[in-house]
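Here's the structure we're looking at; comments come further down.
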Amino acid sequence: MKKNPQYFEKDGFLWVKTIRDYSFFEDFLREIIRDKIPNNLKIVNISNAKEIKTVSGKRCVYVLLNMILPFT
């Protein structure tokens, strides 16, 4: 993964500008399904999410549960 030196902070979040391979989640999902699960994907059990202590960790879990998983 490349590091992006053009990051900025806005509303308490860290943002980066980058060019995406996919603009639509459905296109991404189709390719993942077609090519199977990538080798570099680490599967983590999020049932222990309540034990997260950092603010950034809690934000990540919130985004995952409310903005990503509902579309899968």
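The values are calculated or read from the model by the stated rules, or taken from the named source; none is laboratory data. Computed from a predicted structure; not experimentally measured. Neighbour counts are summed over all protein chains in view; Cβ atoms, including those assigned to glycine, are modelled from backbone coordinates with ideal geometry.
Some points to look at:
- Residues that are under 14 Å from S56 (Cα atoms) and of a type in the set (A, V, I, L, M, F, W, C) within region 3-21 comprise F13, L14, W15, listed in sequence order.
- Taking (1) modelled with pLDDT of 80 or more; (2) more than 14 Å from the chain's Cα centre (by Cα); (3) surrounded by 10 or more Cβ atoms within 10 Å (Cβ to Cβ) in turn, N4 satisfies each apart from (1).
- Residues in region 25-55 that are modelled with pLDDT of 75 or more and either of a type in the set (K, R) or over 17 Å from L69 (Cβ atoms) (or both): D27, R30, E31, R34, E51, K53, T54, V55.
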